[in-house]
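Student: Sharing a structure here in structure tokens format.
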Amino acid sequence: MRVEFDLAGLHDDHTIRAQVPPPLSELCVRVLAANFASRPTLRGIAPRYINRVTELLPTNLPLEVTGPIIDDEGYWKRCSVERWDNCQISDHGSSWKRCYFERNLADFLESFDPLKTDTEELTRTLAISKDYVFSLRIKQFLSHLDMEMLFQNVPTLCNLDMTFGVKEIGMEYERSLFGMKMSDVTSLQKALRVTETLTILSLPCNLLDDNTTRVLAAGLQSNSTITSLDLSHNKIADRGVKAIAKLLTDKCVLISLNLSDNHVHADGGKYFGRALKSNSSLETLNLRLNRLGDEGGKMLLEGLTDNSTLTHLNLSCNALDHDSAQQLGFIVSSSPVLQNLDLSGNVLSEDAGRVLRDGLQHNRTLTSVDLRLNQISVDTAAAIDETCKANKYETQRLRREVFEMQAMRSNQEQHGSK
């Protein structure tokens, strides 16, 4: 019987392929990658092959092995994407390696329990992370570790965002698990006195009150590195604000201060008003969702008459009324620096809106005023908005002219040197 064969596609280019072995260099690269855990080194490998070696490495190698040796961003991207669903490297200096080490340390600290995990594991994790961690965002800190020890073991830490909460607590809620205790604040106070790298400190949603804030302020008094302080969504009232306001001296380096959603009343506005008269560093002040009232708003705004640095001010949802608007009208007509003003959610009347509109006629710096949820008419709000838009376009035009002049001067200097 004659046997017939199906020859369809016999000459297809995708069917017939020569059995060519890979180049010797590729075989060597595979061997190096396969044995990297036992012989971790890239020394002696030609630069053109290093990326290929790291491309073949598994992502579960110990960090003690990969951290000091591998700088290839492609490798750390694979490690990060395989471990976490959402990786925003813009929050980590646009570096995948930083992203992996910072999130790895944050996850470890959030889950660390000294009763269940050996402290040697903590020491080891801190030791392998210390050269690559610049920012930490921690949403639970059940261990309540000594903050001074953390700062000493992560000497490059520049940005700390910490909330003493509990994630996925379900039905096992206990009030004592939330917020910073006095011991935590005292520990942080000592750390703030000695740190030389921390520039951004965020402590939102920590149930901080006046007593704990005063202890924290004592540590900040001796600090000369922190330029941004976020104490939003706490329980800080006027006594705590008084301690914070005392930090705003002529030697202060704070640029941004966020106290939104606290318990600041009229006396707090008075303390800030006094501090702003002499302060020469603060550029952004956020007091949204507090209880300043018309009197407190007026006293705070009086301090701005002698201030030459504040560019962004948020006083939304503070029950500001006519007296505050009168002071604002004077400020916007004379302030040479204020650029952004949020007054939304207050009780400003139509007369208050007209005062602001008239004051803006002499202003050239204010580019944004938010007046939503007030009692100001649409026409008055539109007039204020038009003035701000004109100021914004003029500011952009001046910046463009300065940039063009600098570029022209640079070209002239280059031609002159030739």
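The values are calculated or read from the model by the stated rules, or taken from the named source; none is laboratory data. Because the structure is predicted, anything quoted here is derived from the model rather than measured. Here the Cβ positions follow ideal geometry from the backbone for every residue, glycine too, while neighbour counts run over all protein chains shown.
Student: If I filter the range 149-158 for residues that are surrounded by fewer than 20 Cβ atoms within 10 Å (Cβ to Cβ) and more than 27 Å from Thr66 (Cα to Cα), do I get at least one hit?
Tutor: Checked against the condition, which is being surrounded by fewer than 20 Cβ atoms within 10 Å (Cβ to Cβ) and more than 27 Å from Thr66 (Cα to Cα), the range 149-158 yields no hits at all.
Student: Mind telling me which of the residues Leu150, Leu145, Leu188, Leu160 ends up being out of contact with any Cys (no Cβ under 7 Å at 6 or more places or on another chain), assigned to a strand (DSSP E or B) and not hydroxyl-bearing (Ser, Thr, Tyr)?
Tutor: Leu160
Student: For His144, work out the one condition from (1) buried (at least 16 other Cβ atoms within 10 Å of the Cβ); (2) over 28 Å from Pro68 (Cα atoms) it doesn't fulfil.
Tutor: Of the numbered conditions (1) buried (at least 16 other Cβ atoms within 10 Å of the Cβ); (2) over 28 Å from Pro68 (Cα atoms), the odd one out for His144 is (1).
Student: Right, here's the next one. So which of Val332, Val264 ends up being closer than 23 Å to Thr213 by Cα and among the β-branched types (Val, Ile, Thr)?
Tutor: After applying the criteria, what remains is Val264.
Student: Moving to a separate point now. Could you give me the residue pairs with C-beta distances under 8 Å whose first residue belongs to the range 345-371 and is touching a residue at least 60 places away in the same chain (Cβ under 8 Å) and of a type outside the set (S, T, N, Q), whose second residue is surrounded by fewer than 20 Cβ atoms within 10 Å (Cβ to Cβ) and in a loop (DSSP other than H, G, I, E, B) wherever it lies, and which are 6+ apart or on separate chains?
Tutor: If the second residue must be surrounded by fewer than 20 Cβ atoms within 10 Å (Cβ to Cβ) and in a loop (DSSP other than H, G, I, E, B), no pairs are left.
Student: Here's another thing I want to ask about it. Every residue in the range 255-281 that is touching a Ser or Thr at 6+ places or on another chain (Cβ under 6 Å) and buried (at least 18 other Cβ atoms within 10 Å of the Cβ), please.
Tutor: Asn258, Ser260, Asp261
Student: Can you pull out the strands (runs of 3 or more DSSP E) entirely within the range 196-264 that have at least 1 residues that are closer than 22 Å to Lys277 by Cβ, among the aliphatic types (A, V, I, L, M) and at pLDDT 95 or above?
Tutor: Here the list reads 228-230, 256-258.
Student: Counting only residues that are in a helix (DSSP H, G or I) and farther than 24 Å from Leu356 by Cα, how many does the range 276-294 have?
Tutor: 1
Student: Could you say whether any residue in the range 166-180 is farther than 30 Å from Thr305 by Cβ, among the β-branched types (Val, Ile, Thr), in contact with a strand residue (DSSP E or B) (Cβ under 8 Å, 6 or more places away or on another chain) and modelled with pLDDT under 95?
Tutor: There is at least one residue in the range 166-180 that is farther than 30 Å from Thr305 by Cβ, among the β-branched types (Val, Ile, Thr), in contact with a strand residue (DSSP E or B) (Cβ under 8 Å, 6 or more places away or on another chain) and modelled with pLDDT under 95.
Student: Oh, and also: Residue under question is Gly297, and the condition is that it be in a helix (DSSP H, G or I), modelled with pLDDT of 95 or more and under 18 Å from Asn340 (Cα atoms); does it hold?
Tutor: yes
Student: Pick from Glu73, Glu102, Glu110, Glu121: which is loosely packed, with under 15 Cβ neighbours inside 10 Å and charged (D, E, K, R)?
Tutor: Testing whether each residue is loosely packed, with under 15 Cβ neighbours inside 10 Å and charged (D, E, K, R) leaves just Glu121.
Student: Sticking with this one: I'm checking my understanding of the structure. Among residues of the range 216-248 that are crowded, with 19+ Cβ neighbours inside 10 Å and of a type in the set (Val, Ile, Thr), which one is nearest to Cys158 (Cα to Cα)?
Tutor: Ile226
Student: Scan the range 236-283 for residues that are touching a His at 6+ places or on another chain (Cβ under 8 Å) and more than 23 Å from Asp323 (Cα to Cα) and jot them down.
Tutor: Ile236, Glu283
Student: Still on this structure: Working only within the range 54-72, note down all residues that are of a type in the set (A, V, I, L, M), more than 14 Å from Arg98 (Cα to Cα) and in a helix (DSSP H, G or I).
Tutor: Once the filter is applied, which keeps residues that are of a type in the set (A, V, I, L, M), more than 14 Å from Arg98 (Cα to Cα) and in a helix (DSSP H, G or I), the range 54-72 yields Leu56, Val65.
Student: Still on this model: Out of (1) charged (D, E, K, R); (2) under 23 Å from Thr284 (Cβ atoms); (3) within 18 Å of the chain's Cα centre (by Cα), the odd one out for Lys139 is which?
Tutor: Evaluating Lys139 over (1) charged (D, E, K, R); (2) under 23 Å from Thr284 (Cβ atoms); (3) within 18 Å of the chain's Cα centre (by Cα) leaves (2) as the failure.
Student: Only one of Arg30, Arg17 is modelled with pLDDT under 90 and either part of a helix (DSSP H, G or I) or touching an Asp or Glu at 6+ places or on another chain (Cβ under 9 Å) (or both). Can you tell me which?
Tutor: Selected residue: Arg30, the only one of Arg30, Arg17 that is modelled with pLDDT under 90 and either part of a helix (DSSP H, G or I) or touching an Asp or Glu at 6+ places or on another chain (Cβ under 9 Å) (or both).
Student: Still on this structure, I have one more. What tally of residues in the range 217-230 results from selecting those that are within 17 Å of Ser256 (Cα to Cα) and touching a helix residue (DSSP H, G or I) at 6+ places or on another chain (Cβ under 7 Å)?
Tutor: So the answer is 4.
Student: Scan the range 356-365 and give yes if some residue there is within 28 Å of the chain's Cα centre (by Cα) and closer than 29 Å to Ser281 by Cβ, otherwise no.
Tutor: yes
Student: A follow-up question, please. Which one is nearest to Leu63 (Cα to Cα) among residues in the range 103-139 that are touching a residue at least 40 places away in the same chain (Cβ under 8 Å) and of a type in the set (Phe, Trp, Tyr)?
Tutor: Ranking the qualifying residues of the range 103-139, first place goes to Tyr132.
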